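Enquirer: I'd like to ask you about the structure that follows.
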Amino acid sequence: MQNHAYSSRQLALLLASVFVAIILAIGTLLGSSGTASAQQTTASSDRIWQDLKGDVFGDRAILVDTGVVRIEAPKRAQDAAIVPVDIYLDPAKAPDGIKSVTLIIDANPAPVAATFQFGKDAGVTHLSTRVRVNDYSYLRAIAETQGGQLHMMQTFVKASGGCSAPAVKNQDEANATMGQMKLRQFPPKETMTKTEELQLMIRHPNNSGLQRDPLTQYFIPAHFVQKLSISQAGRPILSMEGGISISEDPNFRFDFTVHGNGEIQVEATDTDGKSFRNQWPLETAGL
């Protein structure tokens, strides 16, 4: 009868071999599944979009990657609660004009982040803002022309937890400064041009309804800027209908075609029915 007893050294070597084999197997699985996992994530976002687009746009055809609209965002967000997004519009590829852009984040609890409407002669070609991204997701910009055509471009962002991330400021501080606005005007990129670039910053908690109070751990009710209008001397530049995906302290940077030297007027309304207004003179030297 054979003796199957192992010495201490043999047992140690056996266990070490098994351990190494397990580690190698895990490494192989992780390496081979990384691409598959990413593909599953993009596929999941696409499935959400297939269900969502009918709710937002009905059975209308959506043209993809035509150059009418372009969207840019970081591939991996540094902070999921404030992900920068840039939307570019090319009027030359939409001769009848671009009426609006809808920004959609597939994997967010409320996927429609915002819809921006443009004044008919506003000449907006670039718009940027900051959004919350709750999970790995496609961000989609869908532009609608004056003639009713829909054009889309998408970009994939790796981020998670943006909609439930704690607010930067405490609630008392946020309430004390709520509605304060600042407008920044950038120097023209070209002389003798009628295009100006502005940045509007609004103090508002823009609570998503998914954040918790750090003391009570109760959910903070959703409270965000729902409507925004920006005009020059009563002439519409852009307006927005927003949701919980727009980040705390909403921030919008955009260009537009100047008409005269009228003041820039801003009005915002939040979900509590509070309205905030401000206006600023426009520096038009050199136009």
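The values are calculated or read from the model by the stated rules, or taken from the named source; none is laboratory data. What you see is a predicted model; the values in this text were computed from it and never measured. Note that each Cβ is placed from the backbone with ideal geometry, even for glycine, and that neighbours are counted across all protein chains shown.
Enquirer: Part of a strand (DSSP E or B) and without any contact (Cβ under 8 Å) to a residue 60 or more places away in the chain - does that describe any residue in the range 117-134?
Expert: Step one: list which residues in the range 117-134 are part of a strand (DSSP E or B), which gives 117-118, 126-131.
Next, from what is left, pick out any that are without any contact (Cβ under 8 Å) to a residue 60 or more places away in the chain: none.
No, the range 117-134 contains no residue that is part of a strand (DSSP E or B) and without any contact (Cβ under 8 Å) to a residue 60 or more places away in the chain.
Enquirer: Just checking, which of Ala61, Ala92, Ala107 is under 13 Å from the mean Cα position of the chain (by Cα) and among the hydrophobic types (A, V, I, L, M, F, W, C)? Walk me through it before giving the result.
Expert: Details: Ala61 fails: under 13 Å from the mean Cα position of the chain (by Cα); Ala92 fails: under 13 Å from the mean Cα position of the chain (by Cα).
Ala107 is the lone residue from the list that is under 13 Å from the mean Cα position of the chain (by Cα) and among the hydrophobic types (A, V, I, L, M, F, W, C).
Enquirer: Sticking with this structure for a sec: Going by the structure shown, is Ala107 under 30 Å from Gln217 (Cα atoms) and either among the β-branched types (Val, Ile, Thr) or in contact with a helix residue (DSSP H, G or I) (Cβ under 7 Å, 6 or more places away or on another chain) (or both)? Quick ask: steps written out before the conclusion?
Expert: Numbers: under 30 Å from Gln217 (Cα atoms): yes; either among the β-branched types (Val, Ile, Thr) or in contact with a helix residue (DSSP H, G or I) (Cβ under 7 Å, 6 or more places away or on another chain) (or both): yes.
Considered against the rule, which asks whether it is under 30 Å from Gln217 (Cα atoms) and either among the β-branched types (Val, Ile, Thr) or in contact with a helix residue (DSSP H, G or I) (Cβ under 7 Å, 6 or more places away or on another chain) (or both), Ala107 comes out as yes.
Enquirer: Within the range 235-242, does at least one residue satisfy the condition of being at pLDDT 95 or above and not in a strand (DSSP E or B)? It would help to see each step written out before you state the result.
Expert: Applying the first criterion (at pLDDT 95 or above) to the range 235-242 yields 235-242.
Next cut, not in a strand (DSSP E or B) only: none.
The answer is no; no qualifying residue exists.
Enquirer: If you don't mind, there's one more thing I want to ask. Quick one: is Phe256 closer than 17 Å to Lys120 by Cα and crowded, with 16+ Cβ neighbours inside 10 Å?
Expert: Working: closer than 17 Å to Lys120 by Cα: yes; crowded, with 16+ Cβ neighbours inside 10 Å: yes.
So Phe256 passes the test.
Enquirer: Moving on to the next point. Picking from Ser245, Ser239, which residue would you name as being under 19 Å from the mean Cα position of the chain (by Cα), closer than 15 Å to Val101 by Cα and of a type in the set (Ser, Thr, Tyr)?
Expert: Details: Ser245 fails: closer than 15 Å to Val101 by Cα.
Testing whether each residue is under 19 Å from the mean Cα position of the chain (by Cα), closer than 15 Å to Val101 by Cα and of a type in the set (Ser, Thr, Tyr) leaves just Ser239.
Enquirer: Moving to a separate point now. Mind listing just one residue for me: the one in the range 152-200 that is small (Gly, Ala, Ser) and either part of a strand (DSSP E or B) or in contact with an Asp or Glu (Cβ under 7 Å, 6 or more places away or on another chain) (or both) and, of those, farthest from Phe254 (Cα to Cα)?
Expert: Keep residues of the range 152-200 that are small (Gly, Ala, Ser), which gives 159-162, 164-165, 167, 174, 176, 179.
With either part of a strand (DSSP E or B) or in contact with an Asp or Glu (Cβ under 7 Å, 6 or more places away or on another chain) (or both) added as a condition, the list becomes 160, 167.
Working: Ser160: 27, Ala167: 25 Å.
By that ranking, first place goes to Ser160.
Enquirer: Another one. For Lys99, indicate whether it is basic (Lys, Arg), at pLDDT below 95 and either closer than 26 Å to Phe256 by Cβ or outside any strand (DSSP E or B) (or both).
Expert: Numbers: basic (Lys, Arg): yes; at pLDDT below 95: no; either closer than 26 Å to Phe256 by Cβ or outside any strand (DSSP E or B) (or both): yes.
Here the answer is no, as Lys99 does not meet what is asked.
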